[in-house]
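Worksheet: the structure to be examined is printed underneath.
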Amino acid sequence: MFAAFETRVLNVREYLAMGRERSELIPRVPGIYIWTLDFTDIGKTALEREPEDVFSVVQNRLSAPRGEPLEVGMVGRYRNVLIQDAPPDLTRASAVRVEEMIKDRNLHLEWPFLCATLFQRPLYVGKAVNLSQRLKAHMKSDSHLSGELERLGLTVNDCAVLLLPVTSPDNIADLVAAEEERARAMRAAGTAEPTPRNVLSGGEYDGTEEDDDLDDGSDDALFSDSELDAEAPPELRQVDQLVRFAESLTIRAAHPLLNMKMD
């Protein structure tokens, strides 16, 4: 049933350290993406480290301060409540398990760290018509996302990104590329209105309406605000609707830390 969909995990630190070969790691297709705190790097080196060191790194990563409180509010007249994401520490029983697995050279020790990376409260959930363009912009040091992560005491290098691209129909990447070209032609001919719907390069739209909480105007080259217009291919419009609903549903179900809007 879900043959047209897939899930990929992108370690941002490794991705940014790559050369040209990284260009194909993020597909140029629509989809949603989920930023999480990365634990996979711990798992990759755990068997070569002392158990106490591994457990300490895990505890520190779990308990690291996440910047200023994310929510502040009054309860009644006299109580000011601060809400901050602070997961509890692991127990001693977990420390014993880590020690035993390292001593036994358990070759599957990476798996628990992958689970923690996948199944946690997300940092941010977003969508894009072109995942490659959006995520490359998010990873820039001056992006809105980088600023928000800094507020939590993190950088993009501390993160992983779960990619959920839509790979159907088979020519979806070609449809996206063709639609980008159509939007460029409209803009060059002066027939496109200056809205995020058809602005392809950052900085050309200075309006206040945004579709993505962390969209700084350059994160997605194609239709970052409105839904695709009637001239777009029907197949691409269907995928766009699918992606938009998937993002809205996922935000509501997962309660990501940095999303301020749901639609």
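The values are calculated or read from the model by the stated rules, or taken from the named source; none is laboratory data. This structure is a prediction, so every number in the text was calculated from the model and none was measured. Here the Cβ is made from the backbone with ideal geometry for all residues, glycine too, and neighbour counts use every protein chain on show. Heads up: the accessible areas ignore ligands, DNA and RNA and are worked out on the full protein's heavy atoms, side chains in. Shrake-Rupley method; radii C 1.70, N 1.55, O 1.52, S 1.80 Å.
I need every pair where a residue in the stretch 243-263 that is more than 25 Å from residue 155 (Cα to Cα) has its Cβ under 7 Å from the Cβ of a residue that is part of a helix (DSSP H, G or I) and open to solvent by less than 30 Å² (accessible area, probe 1.4 Å), sequence separation at least 6 or different chains.
From residues that are more than 25 Å from residue 155 (Cα to Cα), the pairs are 263/248.
Just one of the numbered conditions (1) touching a residue at least 60 places away in the same chain (Cβ under 8 Å); (2) out of contact with any Lys or Arg (no Cβ under 8 Å at 6 or more places or on another chain) is not true of residue 93; which one?
(1)
Run residue 125 past the list (1) under 20 Å from residue 15 (Cα atoms); (2) assigned to a helix (DSSP H, G or I); (3) β-branched (Val, Ile, Thr) and report the number of the one that doesn't hold.
(2)
Condition first: touching an Asp or Glu at 6+ places or on another chain (Cβ under 8 Å), open to solvent by less than 60 Å² (accessible area, probe 1.4 Å) and not in a loop (DSSP other than H, G, I, E, B). Can you find one or more residues in the stretch 170-180 that meet it?
So far as the stretch 170-180 goes, yes, one or more of its residues are touching an Asp or Glu at 6+ places or on another chain (Cβ under 8 Å), open to solvent by less than 60 Å² (accessible area, probe 1.4 Å) and not in a loop (DSSP other than H, G, I, E, B).
Report yes if residue 74 is open to solvent by 80 Å² or more (accessible area, probe 1.4 Å), more than 30 Å from residue 175 (Cα to Cα) and not in a loop (DSSP other than H, G, I, E, B), otherwise no.
yes
Which condition breaks for residue 27 when tested against (1) surrounded by 17 or more Cβ atoms within 10 Å (Cβ to Cβ); (2) assigned to a helix (DSSP H, G or I); (3) within 17 Å of the chain's Cα centre (by Cα)?
So the condition that residue 27 fails would be (2).
Among what's in the stretch 154-169 and is assigned to a loop (DSSP other than H, G, I, E, B) and under 17 Å from the mean Cα position of the chain (by Cα), pick the residue that is surrounded by the most Cβ atoms within 10 Å (Cβ to Cβ).
Applying the filter and picking the extreme gives 154.
Taking residue 186 as the residue in question, decide whether it is modelled with pLDDT of 55 or more, in contact with a Ser or Thr (Cβ under 8 Å, 6 or more places away or on another chain) and over 12 Å from residue 128 (Cα atoms).
In short, no.
Could you tell me whether any residue of the stretch 123-144 is open to solvent by 60 Å² or more (accessible area, probe 1.4 Å), small (Gly, Ala, Ser) and either touching a residue at least 60 places away in the same chain (Cβ under 8 Å) or farther than 30 Å from residue 47 by Cβ (or both)?
Checking the stretch 123-144: at least one residue is open to solvent by 60 Å² or more (accessible area, probe 1.4 Å), small (Gly, Ala, Ser) and either touching a residue at least 60 places away in the same chain (Cβ under 8 Å) or farther than 30 Å from residue 47 by Cβ (or both).
So residue 94 passes all but one of these: (1) surrounded by 13 or more Cβ atoms within 10 Å (Cβ to Cβ); (2) within 23 Å of residue 8 (Cα to Cα). Which condition number does it fail?
With respect to (1) surrounded by 13 or more Cβ atoms within 10 Å (Cβ to Cβ); (2) within 23 Å of residue 8 (Cα to Cα), residue 94 is out only on (2).
Here's a check for you: in the stretch 30-51, which residue that is in a helix (DSSP H, G or I) and in contact (Cβ under 8 Å) with a residue 12 or more places away in the chain is surrounded by the most Cβ atoms within 10 Å (Cβ to Cβ)?
Checked the stretch 30-51; the qualifying residue surrounded by the most Cβ atoms within 10 Å (Cβ to Cβ) is 46.
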